[in-house]
Amino acid sequence: MYSKDGQDYFIVDAHVALWDARAENQRNIHGKQFIDCFYDYHRNLSPESEVWPYEDYLYQGGDRLMHDLFEVGHVDHAIFQPAALGEFYVNGFGQTEEASALAKAHPDKLTYNHCWDPRLGEQGLRQLREDAKRFGLRGCKLYTAEWHG
């Protein structure tokens, strides 16, 4: 619980992600271009003291996420909102398995939501239903930023 001026605040970060943009997961040049653009926003818009080294930015992992959000940060609960980007990354950008397992290990601190692209039609809806059962989903984001072709 974050406290300021005698007032307590329950902090929810409603959009967190674990991603893997390391070279071995990049499917093509677009994977590198995507993470480089993302990193440039981080590098140019963050205070210098908060800028991560590029290699750390490519993949933070669950331990660092937990440390950054809950040990040194002021977050009480966080909600994963992953992005697949399967056309750019071999195993996808958002680390579904790792994020879901982390949420299961810390249900008091994390909720795993999923992404769904309605352009995938009935097949995508079937996959969402299967994923909902498999991951015990409580929510998903409508994700239409996925690249197709």
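The values are calculated or read from the model by the stated rules, or taken from the named source; none is laboratory data. These numbers were taken from a predicted model, which means no experiment stands behind them. Here the Cβ positions follow ideal geometry from the backbone for every residue, glycine too, while neighbour counts run over all protein chains shown. Note: accessible area is taken over every heavy atom of the protein model, side chains too, but ligands, DNA and RNA are not part of it. Shrake-Rupley method; radii C 1.70, N 1.55, O 1.52, S 1.80 Å.
Details
- When VAL75, VAL12, VAL51 are checked against the criterion of being modelled with pLDDT of 95 or more, open to solvent by less than 30 Å² (accessible area, probe 1.4 Å) and among the β-branched types (Val, Ile, Thr), a single residue qualifies: VAL75.
- Residue match in segment 115-130 (condition: within 26 Å of ARG22 (Cβ to Cβ) and in contact with a Lys or Arg (Cβ under 8 Å, 6 or more places away or on another chain)): yes
- Hits in segment 117-139 (condition: without any contact (Cβ under 8 Å) to a residue 60 or more places away in the chain and open to solvent by less than 60 Å² (accessible area, probe 1.4 Å)): ASP117, PRO118, GLY121, GLY124, LEU125, LEU128, ASP131, ALA132, PHE135, GLY136, LEU137
- Yes/no for TYR59 being open to solvent by 20 Å² or more (accessible area, probe 1.4 Å) and modelled with pLDDT of 90 or more: yes
- Under the condition of being more than 19 Å from ARG27 (Cα to Cα) and buried (at least 22 other Cβ atoms within 10 Å of the Cβ), the residues counted in segment 85-99 number 1.
- Lone qualifier among GLN26, GLN33 - being over 25 Å from THR111 (Cβ atoms) and open to solvent by less than 70 Å² (accessible area, probe 1.4 Å): GLN26
- For segment 59-117, filtering for residues that are closer than 19 Å to TYR9 by Cβ and of a type in the set (Asp, Glu) leaves 4.
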